1. What number, in percent, do you get for the relative contact order of the chain if the mean sequence gap of Cα pairs under 8 Å and at least 6 apart is divided by its residue count?
2. What angle, in degrees between 0 and 90 and rounded to the nearest 10, separates the Cα long axis of helix 171-185 from the longest principal axis of the Cα atoms of the chain?
3. How many percent of all Cα-Cα pairs in the range 37-169 sit more than 22 Å apart?
4. Report, largest value first, the span of the C-alpha coordinates of the range 66-140 along each principal axis, in whole Å.
5. First obtain the Kirkwood hydrodynamic radius of the range 136-216 from its Cα pairs, then insert it into the Stokes-Einstein equation at 37 °C and 0.692 mPa s, and state the resulting D in µm² per second as a whole number.
6. Can you sort 191, 260 by how many other beta carbons sit within 10 Å, fewest first?
7. Just from its helices, what would the mean residue ellipticity at 222 nm be for the chain, if runs of 4 or more DSSP H residues each count -39500 (n - 2.57) and the sum is divided by every residue, rounded to the nearest 500 deg cm²/dmol?
8. Arrange the peptides 66-74, 213-221 so that the one whose residues have, on average, the most other Cβ atoms within 10 Å appears first.
């Protein structure tokens, strides 16, 4: 699949739930969140049908997201069924890590995911300071995240990535500890700029810390970083290497990188069945109604191709973007 601007679409992020056990201020800042009614959330079979048709159209990479995807029962079995779809070559999951060490049937959820074919786990980790973590998430769950990282390592998930959202007056003092922790665990650390997905207030000067400034803070400690233009993962990060240690670090700068959208290859399916061609756009298309109206696979193909045809050239975040959904209701 290719859109009007030459984006080759091969990646689908599937949100299985809008529920979460944390309240990160850049994702779901309100304590009282209006959850989707159960009947509006796609069933696993509906999601799998979309993925089977998507795979025939060229979808090769899938990331299971939320909310917090591990709060939905049966997510590991769902992942196993995704892995079995012909054409799907890579399956990852995005999680806050708090439930990875939870045991079911004698195995941790991380082990269940590894057995289900999950090859990459992105774990949110904005701070290693327990008090700061609690302020950022409104939950005192940092010890469970650390347990989750250990569970993912023990389970043998091949790629472990730690994602830190850049926040002024917090991340600056967190960078050394996060870098050392990631290095010690063999995990890939990425720093992500705030985006006005849930609220435009995050872009105020007192909140926003650019990826470029974070890079300079790293270089102040470790010397000039070596660019790694040929090192890629499944996202838009730009990677560098610490020359002395070989540690790789990624920077995701949706706001400051003017070329951010040029290599975009993804669509997003929300848990309530909206297909979104771009995170930073109001555009979304009601796939649930099409599915539940009894469409054929050919009609479903046509719907997906129509959404791809409407994919914008770039996001609208720099154009006074006003969110129409919280990030929790879109999917990470």
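1. 22 percent
2. So the helix axis and the longest Cα principal axis differ by about 80 degrees.
3. 40 percent
4. Result for the range 66-140: principal-axis Cα extents of 45, 27, 17 Å.
5. Rounded to a whole number, D works out at 233 µm²/s.
6. 260, 191
7. -9000 deg cm²/dmol
8. 66-74, 213-221
Rule-based calculations on the coordinates, nothing more; no lab input. It should be emphasised that the depicted structure is a prediction, and the values quoted were computed from it without experimental measurement. Here Cβ is always computed from backbone atoms with ideal geometry, including for glycine, and neighbour counts include all displayed protein chains.
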